[in-house]
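What follows is a set of notes on a single structure, which appears directly below.
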Amino acid sequence: MARRLTVVFAAALLAGCSGMSPGEGFSGSAASPAPPEGGGSIGAGQVKAGLILPMSASGNAGAAGSAMRNAAEMALAEFNVTDLQLLLKDDGGNAPGARQVAQQALDEGAEIILGPIFAHSVSPVGQLTRSRNVPVIAFSTDVNVATRNVYLLSFLPESDVDRIVSYAISQGKKSFAAAIPDNAYGSVAEAAFKQSVARRGGRVVALERYPADRSQMQAAVRTVAQAATRADAIFIPDGADSAPAVVQTLTASGVDLKRVQLLGSGLWEDPQIFTNAALDGAWYAGPDSTGFRNFSARFRTRFGQDPARTASLAYDAVALISALTKTQGDQRFSEAVLTNSSGFTGIDGLFRFRADGTNQRGLAVMRVSPSGGQVISPAPKAFNGSGT
């Protein structure tokens, strides 16, 4: 049964792209258009889904929310689904707002909720939907808010870390050092890193946390540099604002980057990383960027601007429930269907939901180059095992 369902869903999800010319942080271009007053809806079908986004929030959150709203509209149009209606709900980026609009969506007959983005809003929404057995597909990166029937369709740091460590060990890297930011993302990355290295028989010879203030990060990074002679690879799970400074300190402290392999996470999918000569040849894990580039081109054609990176999550969420609405009848949003072990295929590649609400993604490994990330280990085309 799982294999048959996956073939149907993957084909349906990919159909939205074929034949076309086509964190909790956010990135993107200029602000998206203002959301419609009162939220409104997209589509007029009998199957209703709530879509909770921070469209009126300030700054990057609001821009991302509006871009995700546009991506949801685009998915519905490209799939030409007449049976589905998206109930747009603006939570303002806060938990009370999310709870209020989730209740509205449920009262209006929503069979599934897409969103919200922020972890502090996911839990109160999940508490509301649980009593009605309505599933949630949220966009938070905090696995602490995932639970049964509350699924995360986000890029989880744990997946990036496990993929890059697995690949590094497959390439003969056994001893690891790490310079990790002293923030929430770093805490998750550190735990995943230690577990992944130990599980595969490697060893961590040095690990230091560093503050965001560059004037204070050097002491911790120098400590890592001193241990680099015993390491095959150095892991730096940080974004373009800090990772280059960490690498600069490593080289200034005598680390030979021709001998030691630099490793990063999906945060390295950034032009500032690609244009930094010191990072040329470094490895990082993330979704194969081909799908997002094609999606971005279609988004620009439709809306006249680049999408926020998180916009593909909204597109994939709507694409998924569109496919399920078309093919699965009354069981379309059941736990058995949503946790199908063979998974689904979207803009960002293969993914599946686990019963505990977390997800697993089929990630590629890329090499940093001046022209962008070059795939050196392709993303898998299918999952092995149950994923439990």
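The values are calculated or read from the model by the stated rules, or taken from the named source; none is laboratory data. Values in this document were obtained by computation on a predicted structure and should not be read as measured data. With ideal geometry, Cβ positions are generated from the backbone for all residues, glycine too; neighbour counts draw on all protein chains shown.
I'd like to verify a number: residues in the stretch 188-214 that are among the polar types (S, T, N, Q) and within 19 Å of TRP268 (Cβ to Cβ), how many?
1
Each residue in the stretch 364-383 was checked for being small (Gly, Ala, Ser), modelled with pLDDT of 95 or more and farther than 11 Å from ALA285 by Cβ, and 1 of them qualify. Do we find that ASP306 is charged (D, E, K, R) and in contact with a helix residue (DSSP H, G or I) (Cβ under 7 Å, 6 or more places away or on another chain) in this structure? The answer is yes for ASP306. Check whether at least one residue in the stretch 220-240 is over 24 Å from LYS194 (Cβ atoms) and surrounded by fewer than 15 Cβ atoms within 10 Å (Cβ to Cβ), and report yes or no. There is no residue in the stretch 220-240 that is over 24 Å from LYS194 (Cβ atoms) and surrounded by fewer than 15 Cβ atoms within 10 Å (Cβ to Cβ).
A count restricted to the stretch 47-93 and to residues that are closer than 11 Å to TYR315 by Cα and not acidic (Asp, Glu) stands at 11. Selection over the stretch 298-331 of residues that are aromatic (Phe, Trp, Tyr) and either surrounded by 20 or more Cβ atoms within 10 Å (Cβ to Cβ) or within 15 Å of the chain's Cα centre (by Cα) (or both) gives a count of 2.
Within the stretch 156-187, the set of residues being of a type outside the set (Gly, Ala, Ser) and assigned to a helix (DSSP H, G or I) comprises PRO157, GLU158, ASP160, VAL161, ASP162, ARG163, ILE164, VAL165, TYR167, ILE169, TYR185.
Could you tell me whether SER334 is of a type outside the set (Val, Ile, Thr), buried (at least 18 other Cβ atoms within 10 Å of the Cβ) and at negative phi? Here the answer is no, as SER334 does not meet what is asked. Residues of the stretch 71-101 being assigned to a helix (DSSP H, G or I), closer than 13 Å to PRO54 by Cα and either touching a Ser or Thr at 6+ places or on another chain (Cβ under 7 Å) or of a type in the set (Asp, Glu) (or both), which ones? Within the stretch 71-101, ALA95, ALA98 qualify. Within the stretch 73-88, none of the residues are under 16 Å from the mean Cα position of the chain (by Cα) and within 22 Å of ILE347 (Cβ to Cβ).
Out of the residues in the stretch 79-89 that are touching a Lys or Arg at 6+ places or on another chain (Cβ under 9 Å) and modelled with pLDDT of 95 or more, state the one that is surrounded by the most Cβ atoms within 10 Å (Cβ to Cβ).
The initial filter retains those residues of the stretch 79-89 that are touching a Lys or Arg at 6+ places or on another chain (Cβ under 9 Å), namely 79, 81, 83-88.
Narrowing the set further to residues that are modelled with pLDDT of 95 or more leaves 84-88.
Working: LEU84: 24, GLN85: 19, LEU86: 28, LEU87: 23, LEU88: 21.
In this case the residue turns out to be LEU86.
Restrict the check to the stretch 342-363 and report whether at least one residue is assigned to a loop (DSSP other than H, G, I, E, B), farther than 24 Å from ILE117 by Cβ, modelled with pLDDT under 95 and assigned by TED's automatic domain parsing to the domain that holds ALA138. Looking through the stretch 342-363, at least one residue is assigned to a loop (DSSP other than H, G, I, E, B), farther than 24 Å from ILE117 by Cβ, modelled with pLDDT under 95 and assigned by TED's automatic domain parsing to the domain that holds ALA138.
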